[in-house]
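Take a look at the structure set out below.
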Amino acid sequence: MDYTIEKMISEEELQVRIREVAKEIEKDYQGKDLICVGLLKGSIMFMADLLKSVELDLAMDFMKVSSYHGGTDSTGVVKILKDVDADLTGKDVLIIEDIIDTGLTLESVKKFLMTKQPKSLKVCSLLDKPSRRKVEMVGEYIGFEIPDEFVIGYGLDYDELYRNLPYIGKVVKK
Ligand code: 5GP
């Protein structure tokens, strides 16, 4: 291996902050028709832990998209590989994402989901790298702002590995 992994956010720090975010969501969505849409695969660990602490009646659904990064075409950045199953019309939809980087993925996903006429559409992301933005994208619920580093663990992969780590680490080239 030509890299090592350095711990950035510990399991304990993750769990404490995730519970705080869950309580914010719980407060804001009282009496609403909440459906949480996780973006596969990166959001799975976060979504599972987060929603266990949200004491509300809510539905869960999933989407899978592929990002086209580094292309010159700024439109149609993502391809929908799996659409949600549920009818989102009139629902309060909360997208659950692992990380906001350039913002291009969420820009496309939000545009796509808006066509389904939800009552509201917001974003909850575990991590945010604001310094990397190419388009304006603000997540309503953010776990941690991080610097411009490539991170893995807790759902995030490097060539499909490390998603099962209980902490967030950064990849450091040797
Ligand atoms: P964006 O469209 O905002 O640039 O990218 C969002 C997606 O890129 C994330 O859902 C994630 O799949 C991937 N991504 C962005 N930054 C990182 C990172 O530091 N580590 C990993 N593993 N994936 C990342």
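Worth a mention:
- Search result, residues across the range 109-134 that are within 8 Å of the ligand (Cβ to nearest atom) and closer than 18 Å to Leu40 by Cβ: Leu127
- Qualifying residue in the range 135-147 (condition: of a type in the set (Ser, Thr, Tyr), within 14 Å of the ligand (Cβ to nearest atom) and touching a helix residue (DSSP H, G or I) at 6+ places or on another chain (Cβ under 6 Å)): no
- Count - residues of the range 37-79 that are within 16 Å of the ligand (Cβ to nearest atom) and either closer than 18 Å to Leu126 by Cα or modelled with pLDDT of 95 or more (or both): 16
- Strands (runs of 3 or more DSSP E) wholly inside the range 5-111 that include at least 2 residues being basic (Lys, Arg) and out of contact with any His (no Cβ under 7 Å at 6 or more places or on another chain): 78-82
- Residues of the range 81-104 satisfying the condition of being open to solvent by less than 60 Å² (accessible area, probe 1.4 Å), of a type in the set (Val, Ile, Thr) and either modelled with pLDDT under 95 or more than 12 Å from the chain's Cα centre (by Cα) (or both): Val84, Val93, Thr102
- Lone qualifier among Ile152, Ile100 - being touching a helix residue (DSSP H, G or I) at 6+ places or on another chain (Cβ under 9 Å) and near the ligand (Cβ under 10 Å from one of its atoms): Ile100
- Enumeration of residues in the range 123-174 that are of a type in the set (Lys, Arg) and surrounded by fewer than 17 Cβ atoms within 10 Å (Cβ to Cβ): Arg132, Arg133, Lys134, Lys173, Lys174
- Scanning the range 17-31 for residues that are open to solvent by 80 Å² or more (accessible area, probe 1.4 Å) and free of Cβ contacts under 8 Å to residues at least 12 places away in the same chain yields a count of 3.
- Residue within the range 127-143 that is part of a helix (DSSP H, G or I) and within 19 Å of Ile25 (Cβ to Cβ) present: no
The values are calculated or read from the model by the stated rules, or taken from the named source; none is laboratory data. Please read these numbers as outputs of a predicted model, since none were measured by experiment. In this analysis, Cβ positions are derived from the backbone assuming ideal geometry, glycine residues included, and neighbour counts consider all displayed protein chains. Just so you know, the surface numbers come from the protein's heavy atoms only, side chains and all, with ligands and any DNA or RNA stripped out. Shrake-Rupley method; radii C 1.70, N 1.55, O 1.52, S 1.80 Å.
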